[in-house]
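Below is one structure, written out as structure tokens; the observations come after it.
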Amino acid sequence: MTGGPFEVSDDTPVYVISVAAELSGMHPQTLRSYDRLGLVSPGRSSGRGRRYSLRDILVLRQVQRLSQEDGVNLSGIKLILELEAELARSRQVMAEMNAQLAQLRAELESTRAVAARLAGLVRNRAAGAELVPVRNLGGAAPRAASAEAIADDPPAIPSTANNPAFTESS
């Protein structure tokens, strides 16, 4: 639905029972009977009159086809409709789960890339390279870090919370 004031979805109950009966090729009394049996449950107007949606009309046509062409009784038709609705819900859940799985895979790949980058930095640090380039802001000469000094006095690990080098870019 694009949002126009006169647009309706397939689930919007707009057809009165006489129009729904005409569109489905059934008698209005048959539609009332199917409503009582729970085969098709139309919406209701403020005056409690039945209002059928396009989807309801399609279900009515399916009920008619199953009954007349395939010889299925009404309790069998009700079961078929319930199973089809359950299948549609299951497919929707499956699609949502697949989307979540794709998102989690992307996040995992990003985490692995960060871990690989950090592992490379640690390897370079072990080889004598600086983990993070340091600028001399105070004017004092920077001290050279020897392997023995690092082993005796390991530096504190800086927080990555507000460090732009550790934020994920999109």
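The values are calculated or read from the model by the stated rules, or taken from the named source; none is laboratory data. Because the structure is a prediction, the values reported are computed rather than measured. As a convention, Cβ positions derive from the backbone with ideal geometry for all residues, glycine included, and neighbour counts pool all protein chains shown.
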Among all residue pairs at least 6 apart or on different chains, which show Cβ distances below 9 Å where the first residue, located in segment 73-91, is within 12 Å of V59 (Cα to Cα) and not assigned by TED's automatic domain parsing to the domain that holds L58 and the second is among the polar types (S, T, N, Q) and surrounded by 10 or more Cβ atoms within 10 Å (Cβ to Cβ)? I77/Q62; I77/S67; I80/Q62; L81/Q62; E84/Q62
I'd like the residue in segment 104-131 that is assigned to a loop (DSSP other than H, G, I, E, B), loosely packed, with under 11 Cβ neighbours inside 10 Å and of a type in the set (A, V, I, L, M) and, out of all such residues, is modelled with the lowest pLDDT. A129
Please determine, by comparing only the residues of segment 82-125 that are within 19 Å of the chain's Cα centre (by Cα) and charged (D, E, K, R), which one is farthest from G38 (Cα to Cα). E107
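Being more than 26 Å from the chain's Cα centre (by Cα), under 23 Å from E7 (Cβ atoms) and of a type in the set (K, R) narrows it down to one of R51, R36, R32, R65, so name that one. Outline the logic, then answer.
Details: R36 fails: under 23 Å from E7 (Cβ atoms); R32 fails: under 23 Å from E7 (Cβ atoms); R65 fails: under 23 Å from E7 (Cβ atoms).
When all the criteria are applied, what remains is R51.
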Scan segment 1-59 residue by residue and report those that are in a loop (DSSP other than H, G, I, E, B) and of a type in the set (A, V, I, L, M). M1, V8, V14, M26, L39, V40
